[in-house]
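Student: Quick one: the structure is below, and I'll ask about it shortly.
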Amino acid sequence: MDVIEAIRTTGACRYFKPDPVSDEVLARLFDAARHGPQGGNRQPVRYIVVRDPPVKKQLQEWYLRCWKAHLAAGYRARTSAGSGGVSNVIRDADHLANHLDEVPVLIVVCAVLSSLVLPDAKLDRPTVAGGASIYPSVQNLLLAARNEGLGATLTTILCEVEIEVRELLGIPAELITCATLAVGYPDRPLPTRLTRAPVSEVAFSERYGEPLFTT
């Protein structure tokens, strides 16, 4: 698959067939992931593949609890005006929360905290720069999954219960949890076009608010 086509069509998949994903395919995903950029080439990212039904069920129960709390707090999703997509996004996310244990492969993304470069750690806000050594590798994995005809979605909800997940999966204290990926063969057609804000709203020239492009 052309890389630009993969970028433009790698949307969240929340409906999966029960078909297993082979170790050969997974090996190709992780080979792509390991080539993602990281600060100082420290390679901090670790992946835990979860396929055991009882373990997936426990993760699903925690996930659903957290998801319901988000809904109760008024969680909303942005979509294009008039698309009716807000309800669709919530519906699809709710389906995943209720069926997470049925996804063929759950991948828990971890990182070695001491290997993350944190240039913003002293600022008076939560540090986010360390993610630059984590999520590019994750995106590589998602693009590789798209190339394999797999569907996937990235969620960070289980980070809310990191202590429980750490104990369940035997994650060492020096690692943090960063995301969970649901991966499998899609039960519905993958998107051919993603709904995103236009370039004029996200790219600026010289100063914030001065559009680089007008269309």
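Values quoted throughout were computed directly from the atomic coordinates according to the rules given, and no laboratory measurement underlies them. Quick caveat, the model's predicted, so the values are computed rather than measured. Neighbour counts run over all protein chains shown; Cβ positions are idealised from the backbone, glycine included.
A quick yes/no check of all residues on (1) of a type outside the set (Lys, Arg); (2) buried (at least 18 other Cβ atoms within 10 Å of the Cβ); (3) part of a loop (DSSP other than H, G, I, E, B); (4) within 14 Å of the chain's Cα centre (by Cα):
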position: Lys122; (1), (2), (3), (4): no, no, yes, no
position: Leu168; (1), (2), (3), (4): yes, no, no, no
position: Ala179; (1), (2), (3), (4): yes, yes, no, yes
position: Ala182; (1), (2), (3), (4): yes, yes, no, yes
position: Thr215; (1), (2), (3), (4): yes, no, yes, no
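Student: Hey, Ser205 hits all of (1) without any contact (Cβ under 8 Å) to a residue 12 or more places away in the chain; (2) of a type in the set (Gly, Ala, Ser); (3) under 24 Å from Asp94 (Cα atoms) but one; which does it fall short on?
Tutor: Tallying (1) without any contact (Cβ under 8 Å) to a residue 12 or more places away in the chain; (2) of a type in the set (Gly, Ala, Ser); (3) under 24 Å from Asp94 (Cα atoms), Ser205 fails exactly one: (3).
Student: Considering only residues that are part of a helix (DSSP H, G or I) and touching a residue at least 12 places away in the same chain (Cβ under 8 Å), which ones fall in the range 1-17?
Tutor: The answer is Val3, Ala6, Ile7, Arg8, Thr9.
Student: Tell me which residues, restricted to the range 40-56, are acidic (Asp, Glu) and more than 21 Å from the chain's Cα centre (by Cα).
Tutor: If the condition is that a residue be acidic (Asp, Glu) and more than 21 Å from the chain's Cα centre (by Cα), then no residue fits.
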